[in-house]
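Undergrad: Please see the structure below; I have some questions.
The values are calculated or read from the model by the stated rules, or taken from the named source; none is laboratory data. The model shown is predicted, which means the values in this text are computed figures rather than measured ones. Note that we place each Cβ from the backbone using ideal geometry, even for glycine, and neighbour counts take in every protein chain shown. Each accessible area value is taken on the protein alone, full model and side chains, heavy atoms only, with ligands, DNA and RNA left out. Shrake-Rupley method; radii C 1.70, N 1.55, O 1.52, S 1.80 Å.
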Amino acid sequence: MTGILFRIAMRNLRLHWVRTLIVGLLLFAGTFVIVLGSGLRDAVQDGMQRSIIDSLAGHVQIISEDAEDDLELWRSIAFGVPELGKLEPFGDVKSAIEGLDEVEAVIPMGVNRSFVIGKATLDVKLGELREAVRNKELEKVPALRAHVRQICQGLGEDLDKLTAIVVDDDDSERQRKAVATANSDAFWEGFDEDPLAALEFLDNQVAPLGAGSGFYFLMYIGTDMEAFAKQFDLFEVVDGQMPPPGQRGFMFNVHNYEKFIKHKAARRFDKIKEARELEGRLIATDEDLKRGVERLVGQHRIITDELNPDQAAEVIAELKKTLGSDETDIVKLLGEFFTLTDDNFDSRYKSFYEIIAPRIRLHRFVPGDTMTMYSQDASRAVNVRIWGTFRFKGLEKATMAGNHHLMDLMTFREIYGLDHGASEEEIARLKERSEVEVVDRDAVEDELFGDTADADGTADADDGAEGFDEFAGTDIKGRLAEAEARRAAGFTQADLEGGAAINAAIFLKDPKTIDEAIPKIEAAAKNAGFGVKAVDWQSASGIVGQMSGLMDGGLVVIIIIIFTVAILIISLALVMSTMDRRQEIGTMRAIGAKRQFVVRLIVLEAAALAFIAGALGALCGALLLISLGESGIPATSDIQFFLFGGASLKPVLVPQHLINAFIAVLIVSILAPLIPAIMASRVSPAIAMSGAE
Amino acid sequence: MRHLKKLIPLLLMALFALPQTALALDEAEMVKMLETIDDRRRNSGDWKSLAILRQKEKGKEEVLYEMVIYRRDADDKFMALFLAPKTDAGKGYLRLDKNLWFYAPSTGKWERRTERERIAGTDSRRSDFDQTKLAEEFTPSYVGEGKLGKFKTHKLKLAAKEGVDVAFPVVELEIDQASGNILKTQEFALSGRLMRTSYYPKWKKLFSESKGKDVWYPKEMRFYDELEKGNSTVISLKKVDLRSLDKNIFTKAWLETKSR
C-alpha cells in the first residue's frame, strides 16, 4: 500500500512539474536562506566576541563593590574618570580568584586618559638648546642655534606677509620688534654671554608667535604588560619591543599612532593614497581631497621648521632634481611639490617618503623616546619611555580597537593618583598649619557670613613685617634625580601586585562556564576579604557590548522574519496547490480512494518535495558558507572590521543549522497542506468533480 | 475706573523699581569700585606669601599642598613654587608677559599652560593668587543689591573684554557695601554655565613701604566646583612678606634649580 502511495505521489509530482517546480524553488530558497543567515549571524557574533574578549575585556571583568559607576571599557573618559574604587592589594584579589578551577588568569587593569604636549618645533628646539646649555653640552649648541635662528627667520617672513594685509596694532608692533631682535646678528653674537637670558626672551617673546603646539589626548590601559601580552590573543607588537620584565614603559596602539601621532603632511599624503586606492576617489573630482591638497600647499612651515640649515639645503637640491626646477627658495619648491594631481600623486608620494620623510620627525614620538604625560587635570606629570607600537591582530583598521594604548601599572598608579605618596604625617602637619576647616557646600554662606560668623567685613592688620624664609627646614632638592632613579630601578612582581588596580580581566578555562563562574568569583573574593562586582564581557564593554547585543538581536530578528516569510510563502503555496486539486481529489474519491488515502497522498507529495528541495537548499547554503568561510567577506568599513573581528568575516558551517533548517521546512511542508487536504477529502466526489465551489 | 485698574500695576511696578534705581551704581561708580579693589590688592613692590591648599574631591581622600607665591606686580610677574608634600615639592608656575609656564620637577620639563589651568589640579587658578585687574580686564554691569548673611552687598556682573585671556569670561561679584571687599564670586563659562563659586570671608591688610599704604589680601579663600559637585578647595594664606625679592628670581632657571 505504501509503495503504491509513494509511486502515485512521485507520478503526481512529475505530472504537475510546473507546480512542483514553483513549490520546490520556494522550499529550496527558504532552507538556503535559513542556513546562510544562521551561519552569518554566528560568524558576526563570534567576530564581535573575539574583538571584545581577546583585545581588552577577557571573559569576566571585576571591579570593587564600592564602585559608584559602572565599568565601561570603551567609554570616553574625556569628561571625567568614572568612580570605580580600587582592588588593593591586587595580588591578594588575584590569588583568591585564580584559586578557582574555572579561572585561567587574572590580569590587572585600569583605564585612564592623559595628555602629552606635542610642542611646536620652535619650542622643541628651544627646549633642546636650554638642555644643552644647562648640561654644558657645548658641541650641540651651534647646530641648535642655527636651527632656531632659521625658524626665527621664517617667522619674520610670515610676520612681514601678515603685516601687509592686517592693520597694525600695539601687539603686532611688539611682535615685529621681538622677531627683529631675534633675527639680528647682535642678538646671536651676544647669545653666549648670557644664554639663559636669551632663551627666556625667545621662549616668552618669540616662540608664542610660531605654530601652536598640539595636545595629544591618549587613552590607555595600565596593566601588567607581560601578562597582558601573553593572555590577550589578538595583541601583537608591530614596532620596537615590549618593555623588558620589571621595566616601566608605554606602548602605542598603532591605529591611533598612525592617525594622530604621525607628521601632519605625511598623514595627509597617506589619507589621499588610501582614498585613491581603497575608495577609488580622485583628487580632480573629490572636494575633500582637493581641500587636503590645498591645505598641504599652505603648510610648508610644518616642514621647513623641522629642517636645520644643512637638511634644508639637501631638500632644496633633491626637490630641484625631482621637479626639474631652477627655483632655490624652499617655500616655493615645497609649494610646487605639494601641488598634487591624480597624474603626479604616486611619484610625489614616493618622493615625499624618500626626500622629506627621512629628514623630519615622521612621528611626534618614537620608540626609545621618553614622553612626558600629564594627568587630565594637569596636576601630575610622569616621564615614561616608549618601547614600541602594537596592534590587535586583524583589527588595525577598527577605531574601536585602536584607541587604547598600554602602560605599565606602576606608572599608571602614579599618574592616576593611586599612589599620591604623601605621608600621613605630612598631611596631618599641613592640616594643622592650614587652620581652616572644610565647610559643607550647603551650609557655607551661613557658616562664613551668618550672624554668628567671625567675618566682620573689616581687614585686620597683618603683622608679617619680619618676613619668612620659605626654605627653612625644607629640602626640595634632587627631585628630578629621585624620579629618574625610581624609573630606572624598575619594579618587582611583588611591587606590581602589592599596589592597587582599578579593575581586572578574568579569563576562564571554558568560556561556556561564564554564568556559573561569575558568582563563584564574587564569593572567592569575598572569602578573601574583598567585595567585588563581577560582570561578563558584554556588560563590561559598555556601549560596545550593548551594540554587540543589539547587532545580535537585530540579526536574530532578521532571521526570524526571513524564516517566517519563507514559511508563510511555502505554506500558502502548498495550501493553494492542494485547493487546486479538488477536482483531482474528487476523481480519486469517485474511483474508490478513501479519505485517509487522499490525505496521506497529499502529505507524502509535500514531504517528498520538501525533502528533495530542502536538502538541496541546505546543501547549497552549506556550500556557500564553506566557500565564504574560505574566501571571507571583506570588511569595507571601520565598524565592519570590529564586527567581523578582522579584515574579513569567515563564517563556519555548523551542522546543527542544517538540521534545524531542514526539520523546520519539513514540518511546515507536512503541516501546511494537511488541513486543505482534509477539507478537500471531505467534499462529495460528485461536487468536487463538477468543479462547483 | 477702567483707567485706574490699568494704572495700579504700573504704579506697583514703579514702586518696586524705585529702590533699585535709587541704589543702582552707574558704570563709572562700578569701575571706581573695581579700581579700589585692584588698588588694594596691588603692591608696587614685590610680594611673597605662603599658602596652604586643601583639596577635597568627591570620593577621594583630602590632599594638601604648601606653596610659596612670588609676585612683582609692576612687571606683571608671578611665580608659585610647591614646597610640600614631598611628592609635589619643586612643582612650579611662572608667568612672564602673557606666558604661563608649568614646571614638573619629576620630568624636568617646562610646558605652556593657559589661564584656565587648575593649580595642581585644585579648584584654584593662577589669578586667585595674583593681583587683580578687574577694572582693566572686565566690563561691569549692575545686577542689584544683595544680602550675604549679615552683610549688605552690591552685585556686579563682569564680562571679560575682548582679547583678554582670563580664567572665566563672566564673573558675578558680591561686594560688601560697607568695606568694599569682595565676599563672593560666581564664575561662568561663555555658555552661561556656572563653573565655580568662591568665598572670601576674611581679609587682611599689611603696610607696604614701596606702595606707601596698605596692601589687602584675602586670608582665606574657598572655592566650590560647580561642575564636579562635591569638589572644593580651601586656601589659607599663612604669611605675607612685602620685602624686595632677588632681581632675577622670575626666571625658569631660578625655579628649576630649586628642585634640581
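Undergrad: In chain A, with Lys and Arg counted as +1 and Asp and Glu as -1 at Cβ, which of these residues, A:499, A:671, A:13, has the Cα nearest the positive end of the dipole, that is, farthest along it?
TA: Looking along the dipole axis, the top candidate is A:13.
Undergrad: Here is a further query. Grab the beta carbon distance between residue B:60 and residue A:284, set R0 = 45 Å, and tell me the FRET efficiency rounded to 0.05. Before the final figure, lay out each step's value.
TA: Values: r = 57 Å, r/R0 = 1.27.
Calculated transfer efficiency: 0.20.
Undergrad: When only alpha-carbon atoms are used, what values of Rg and Dmax, in angstrom, describe the stretch B:142-255?
TA: 17.0, 49
Undergrad: Using a 1.4 Å probe, what is the accessible area per residue for the protein assembly as shown, in Å²?
TA: Per residue, the protein assembly as shown has 46 Å² of solvent-accessible surface.
Undergrad: Mind checking which lysines have their C-alpha under 28 Å from residue A:526, skipping anything on the same chain fewer than 8 residues away?
TA: The reachable lysines, counting only those whose Cα sits under 28 Å from residue A:526, are A:86, A:94, A:230, A:509, A:512, B:58, B:60.
Undergrad: For peptide A:436-443, what's the mean number of Cβ atoms from other chains within 10 Å of each residue's Cβ? Intermediate results must be reported in sequence, preceding the final value.
TA: Numbers: counts 11, 2, 8, 6, 1, 9, 0, 0.
Counting other chains' Cβ atoms within 10 Å and averaging over A:436-443 gives 5.
Undergrad: Same structure, new question: With +1 on each Lys and Arg Cβ and -1 on each Asp and Glu Cβ, and nothing else charged, work out how big the dipole of the stretch A:120-212 is about its Cα centre, in Debye to the nearest 20.
TA: 280 debye
Undergrad: Given B:82, A:662, A:634, which one lies farthest toward the positive end of the charge dipole of the protein assembly as shown, if we put +1 on the Cβ of every Lys and Arg and -1 on the Cβ of every Asp and Glu?
TA: Positive-most Cα among the choices belongs to A:662.
Undergrad: GluC sites (Glu not before Pro), restricted to the stretch B:99-164: which are DSSP loop and have at most 12 other Cβ atoms within 10 Å? Don't skip to the answer; put the middle values down first.
TA: On the way: sites: B:111, B:115, B:117, B:136, B:137, B:145, B:162; in loops: B:115, B:117, B:162.
Passing both the DSSP loop test and the Cβ count: B:162.
Undergrad: Kindly provide the helix-only [θ] at 222 nm of the protein assembly as shown, computed as the sum of -39,500 (n - 2.57) over DSSP H runs of four or more divided by all residues, to the nearest 500 deg cm²/dmol? Don't skip to the end; give the middle numbers.
TA: Numbers: 33 runs with 423 residues, N = 953.
Result for the protein assembly as shown, helices only: -14000 deg cm²/dmol.
Undergrad: Once you keep just the Cα pairs under 8 angstrom separated by 6 or more residues, what percentage relative contact order results for the stretch A:120-212?
TA: 41 percent
Undergrad: Taking springs between alpha-carbon atoms closer than 10 angstrom, which of B:185, B:233, B:114 fluctuates most in the Gaussian network model of chain B?
TA: Judging by the Gaussian network model, the answer is B:114.
Undergrad: How about the stretch B:31-92: which GluC sites (Glu not before Pro) there lie in a loop by DSSP and see at most 11 other Cβ atoms within 10 Å?
TA: B:61
Undergrad: Counting only C-alpha contacts under 8 Å and six or more residues apart, can you give the relative contact order of the stretch B:34-259 as a whole percent? Don't jump to the answer; show the numbers that get you there.
TA: On the way: 509 pairs, mean separation 50.8, N = 226.
Rounded, it is 22 percent for the stretch B:34-259.
Undergrad: Kindly flag which residue pairs out of B:155/B:213; A:477/B:91; B:133/B:155 have an alpha-carbon separation exceeding 20 Å in this structure.
TA: Where the Cα-Cα span goes over 20 Å, the pairs concerned are B:155/B:213.
Undergrad: What shape does the stretch A:225-356 take by its C-alpha gyration tensor, where a ≥ b ≥ c are the square roots of the eigenvalues and a/c under 1.5 counts as rounded, a/b above b/c as prolate, and the rest as oblate?
TA: Taking the square roots of the gyration eigenvalues as a ≥ b ≥ c, the stretch A:225-356 is oblate.
Undergrad: Okay, next question. Could you pull out every one of the lysines with an alpha carbon less than 18 Å from that of residue A:350, ignoring same-chain neighbours closer than 8 positions?
TA: A:262, A:264, A:271, A:273, A:320, A:321
Undergrad: Taking the Cα centre of chain B as the origin, how large is its charge dipole in debye, to the nearest 20, when only Lys and Arg (+1) and Asp and Glu (-1) carry charge on their Cβ atoms? Intermediate values should be presented prior to the final figure.
TA: On the way: 51 positive and 40 negative charges, 111 e Å.
Result for chain B is approximately 540 debye, rounded to the nearest 20.
Undergrad: Over chain A, what is the relative contact order in whole percent, taking alpha-carbon pairs under 8 Å and six or more residues apart?
TA: 31 percent
Undergrad: Next up: Kirkwood Rh over alpha-carbon pairs of the stretch B:34-259, then Stokes-Einstein at 10 °C and 1.306 mPa s: what D in µm² s⁻¹, rounded to an integer?
TA: Estimated via Stokes-Einstein, D reaches 87 µm²/s.
Undergrad: Another question about this same structure. I'd like the trypsin sites (Lys or Arg not before Pro) in the stretch B:157-221 restricted to DSSP loop residues with at most 14 other Cβ atoms within 10 Å, sorted by number.
TA: When the trypsin sites (Lys or Arg not before Pro) of the stretch B:157-221 are filtered for loop state and at most 14 Cβ neighbours within 10 Å, B:161, B:193 remain.
Undergrad: Given 20 °C and 1.002 mPa s, compute D for the stretch A:120-212 with the Stokes-Einstein relation, Rh being the Kirkwood radius over Cα pairs; round to the nearest whole µm²/s.
TA: Values: Rh = 13.6 Å.
The Stokes-Einstein estimate is 158 µm²/s.
Undergrad: While we're here: Heavy atoms only, 1.4 Å probe, whole protein assembly: order B:155, B:147 by accessible area, highest first.
TA: Highest to lowest solvent-accessible surface, that is B:147, B:155.
Undergrad: Place +1 on the Cβ of every Lys and Arg and -1 on the Cβ of every Asp and Glu in chain A, take the dipole about the Cα centre, and give the residue among A:370, A:56, A:572 whose Cα lies farthest towards its positive end.
TA: Sorting the options by dipole projection puts first A:572.
Undergrad: Let me check the size of chain A from its C-alpha atoms; what are the radius of gyration and Dmax in Å?
TA: 37.3, 130
Undergrad: Starting from the Cα gyration tensor of the stretch B:27-118, take the square roots of the eigenvalues, sort them a ≥ b ≥ c, and report rounded, prolate or oblate (rounded when a/c is under 1.5, otherwise prolate if a/b is larger than b/c, else oblate).
TA: prolate
Undergrad: Placing unit charges on C-beta atoms (Lys and Arg positive, Asp and Glu negative, everything else neutral), compute the dipole magnitude of the stretch A:1-78 about its Cα centre in debye, rounded to 20.
TA: 1580 debye
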